[in-house]
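What follows is one structure encoded as structure tokens, with my remarks underneath.
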Amino acid sequence: MTPQSDKRPLKFRSVFISDVHLGYRSCRVEFLHDFLKQLDTEYLYLVGDIVDLWSMKRNFYWPQEHNNVLRLILSKAKQGTKVIYIPGNHDEMFRDFVGHDFGNLQVRRNAVHTTAEGRKLLVLHGDEFDGAIKCAAWLGLVGHHAYELILSLNRRVNWLRGKLGFPYWSLAAYLKSKAQTAVKYIDRFEYSAVDAARRRGLDGVLCGHIHRPKMAEVDGLHYMNCGDWVESCTTLVEDHAGQFTLMHWSDRQSIVTAGSIREEVRYDRPVDHAA
């Protein structure tokens, strides 16, 4: 289904996008392209897994639509947007370029983002907190294959929903919310991410990796996860006053969570846009 946006310019101070997985058939590239076309931002953070090299090694897939997204991002860098690319585990090959600047595009292992209010947030992909990948890579691959099966079913479910006039809905996010093992893993991940920010004397952390969009206060610090463009189609944006908003952008755009990070902002349920 084609995104139904009103095409008004979207002007922000900073935008955070992660887990796009270009080169993977389940990437909802049409929604991301629609968002980027309207985007006007000073800072654009690409928070890892922008390109899915794991998937392309097994089954090469690179349609023109995926190329168009990369061209849009590079075009924004040429026009003055400061692009900070933080490679994840699926595009870890690009970590070889950490520390390099390509015009207005910087490649970094992680970054510290200073908000309009002066708060400092640790920005990183988050795979360093994933024990399955850090301690036993083969377990991560097994999980990835199971995930691919779920996303294949997700594509079929949403094809049918589109035919019936219903908006996009993430089956994978729904299953995660019902699996106690997944819930416990996510909790451990969030506390580990917040602890990394605390050790550096920062005000919070912003990451991706687990495909679970969220804004919350965790253990006294700010935790934000920008989600993904495979399941939830979400992005975190900061306006020029320093207010953060978690946006869902598919065939029906909506705000998931909005609020100043000076206050406690909780979003403890998975994104659910079922009709």
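The values are calculated or read from the model by the stated rules, or taken from the named source; none is laboratory data. What you see is a predicted model, and the numbers here were worked out from it, not measured in a lab. Cβ coordinates were reconstructed from backbone atoms using ideal geometry, including for glycine residues, and neighbour counts include every protein chain displayed.
Among all residue pairs at least 6 apart or on different chains, which show Cβ distances below 7 Å where the first residue, located in segment 184-196, is closer than 15 Å to residue 112 by Cα and the second is at pLDDT below 95 and in a helix (DSSP H, G or I)?
193/129
Of all residues being in a helix (DSSP H, G or I) and charged (D, E, K, R) in segment 113-131, which is surrounded by the fewest Cβ atoms within 10 Å (Cβ to Cβ)? Just the residue, please.
Our first condition is that a residue be in a helix (DSSP H, G or I); within segment 113-131, this holds for 127-129, 131.
Next, only the ones that are charged (D, E, K, R) stay: 127-128.
Working: 127: 21, 128: 16.
Here the answer is 128.
Looking at segment 226-243 only, could you name the residues that are free of Cβ contacts under 8 Å to residues at least 40 places away in the same chain and crowded, with 21+ Cβ neighbours inside 10 Å? Break it down into steps so the answer makes sense when it comes.
Looking only at segment 226-243, we keep the residues that are free of Cβ contacts under 8 Å to residues at least 40 places away in the same chain, and these are 234, 243.
Within segment 226-243, 234 is the sole residue that qualifies.
Could you list, in sequence order, all residues of segment 43-67 that are surrounded by 15 or more Cβ atoms within 10 Å (Cβ to Cβ) and over 22 Å from residue 126 (Cβ atoms)?
Narrowing segment 43-67 to residues surrounded by 15 or more Cβ atoms within 10 Å (Cβ to Cβ): 43-56, 66.
66 - this is the single residue of segment 43-67 that is surrounded by 15 or more Cβ atoms within 10 Å (Cβ to Cβ) and over 22 Å from residue 126 (Cβ atoms).
Quickly run through segment 29-55 and pick out the residues that are out of contact with any helix residue (DSSP H, G or I) (no Cβ under 9 Å at 6 or more places or on another chain) and within 25 Å of residue 157 (Cβ to Cβ).
Kept after step one, since they are out of contact with any helix residue (DSSP H, G or I) (no Cβ under 9 Å at 6 or more places or on another chain), are these residues of segment 29-55: 31, 34-35, 38, 42-43, 45, 47, 52.
Passing the criteria: 31, 34, 35, 52.
Determine whether residue 95 is free of Cβ contacts under 8 Å to residues at least 24 places away in the same chain, surrounded by fewer than 20 Cβ atoms within 10 Å (Cβ to Cβ), closer than 23 Å to residue 208 by Cα and in contact with a Lys or Arg (Cβ under 8 Å, 6 or more places away or on another chain). I'd like the intermediate steps shown before the answer.
Values: free of Cβ contacts under 8 Å to residues at least 24 places away in the same chain: yes; surrounded by fewer than 20 Cβ atoms within 10 Å (Cβ to Cβ): yes; closer than 23 Å to residue 208 by Cα: yes; in contact with a Lys or Arg (Cβ under 8 Å, 6 or more places away or on another chain): yes.
Yes; evaluated as a whole, the condition is true for this residue.
Quick one: count up the residues across segment 191-213 that are out of contact with any helix residue (DSSP H, G or I) (no Cβ under 8 Å at 6 or more places or on another chain) and assigned to a strand (DSSP E or B).
1
Between residues in segment 116-139 that are under 23 Å from residue 84 (Cβ atoms) and residues that are hydroxyl-bearing (Ser, Thr, Tyr) and modelled with pLDDT of 95 or more, which pairs lie under 9 Å by C-beta distance while being six or more apart or on different chains?
Every condition considered, the pairs that remain are 116/14; 120/114; 121/114; 121/115; 123/45; 125/18; 126/18.
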